[in-house]
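Structure, as structure tokens:
The values are calculated or read from the model by the stated rules, or taken from the named source; none is laboratory data. Just so it is clear, the structure is predicted and the values come from calculations on it, not from any experiment. Quick reminder, even Gly has a Cβ in these numbers, built from the backbone with ideal geometry, and neighbours come from all protein chains shown. These accessible areas exclude ligands, DNA and RNA; they are computed on the full protein's heavy atoms, side chains included. Shrake-Rupley method; radii C 1.70, N 1.55, O 1.52, S 1.80 Å.
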Amino acid sequence: MIKLNYNIVSENNHKRLNSLSSEKKIKYEEIVKSHGKNNLCKLGKSNKIPQVGDIFTLCCKDGEYYLGKVLESFEMYETNVQVIVIYSQVLKDLNVDFEKLDFKNLLLTPHIVFDGYWKKGLFKNIINIPLTPNDKNLDYGFFTMNPLNEYGYFVDSKEEELDHIPLFYKIYGVSNIYAIYQSIQIEKLFREKE
């Protein structure tokens, strides 16, 4: 286990924020303050438990669709949870051949979500494409830091300790029903050209 005596996720976020222009910092604050006021568009509810390999769509506004993929699906604390990624490509509509799309560029690093995103109709499954070798070898994890300890460390989605700093990581925890929308808006802000 690698122990860090600081919160690496928080530190990285501060570095990214400091790189923003004053105008973008104001926009960032507006996005953070609006948490829970805006959300993804509803696309159709489903009670089917998402499966590994499911490709799903989500929509931030009409004509702005993103695709995601389920990397893991399991039960935790009597709830169905999934580890997902969201891809950076924006689709204007869903009339595309999903098997020919490029699933390499991530917009959001892996997030842990619960199946409520599907049950509320915010994510809609389209097709199941088995995990590719790239999907299976994606180096991701989650950072956890107990307030009683003076260090934090990395775990996988099931809280098993990792022995390295993964390439992609975020804070360990299940993202609430508004978190994906907010994360997309923040990431778009960082990627926006001045």
Inter-residue pairs, beta-carbon under 9 Å, first closer than 25 Å to E187 by Cα and in the range 54-82, second among the basic types (K, R) and open to solvent by less than 10 Å² (accessible area, probe 1.4 Å), 6+ apart
D54/K69; I55/K69; F56/K69
How do the pairs read when you match residues in the range 1-29 that are in a helix (DSSP H, G or I) with residues anywhere that are open to solvent by less than 90 Å² (accessible area, probe 1.4 Å) and of a type in the set (G, A, S), using Cβ under 8 Å and keeping only pairs 6 or more apart or on different chains?
I8/G152
So, F114, is that one without any contact (Cβ under 8 Å) to a residue 60 or more places away in the chain, surrounded by 15 or more Cβ atoms within 10 Å (Cβ to Cβ) and not hydroxyl-bearing (S, T, Y) or not?
no
Of the candidates I126, I177, the one satisfying the condition of being modelled with pLDDT under 95, part of a strand (DSSP E or B), touching a helix residue (DSSP H, G or I) at 6+ places or on another chain (Cβ under 9 Å) and under 19 Å from L58 (Cβ atoms) is I126
Residues of the range 80-103 satisfying the condition of being under 14 Å from I55 (Cβ atoms) and either in a helix (DSSP H, G or I) or open to solvent by 20 Å² or more (accessible area, probe 1.4 Å) (or both)
Q89, L94, V96, D97, F98, E99, K100, L101, D102, F103
Going through K42, K48, K69 one at a time, which residue ends up being charged (D, E, K, R), over 30 Å from P147 (Cα atoms), touching a strand residue (DSSP E or B) at 6+ places or on another chain (Cβ under 9 Å) and part of a strand (DSSP E or B)?
K69
Going by the structure shown, is Y181 touching a residue at least 40 places away in the same chain (Cβ under 8 Å), surrounded by fewer than 18 Cβ atoms within 10 Å (Cβ to Cβ), hydroxyl-bearing (S, T, Y) and farther than 13 Å from V85 by Cβ?
no
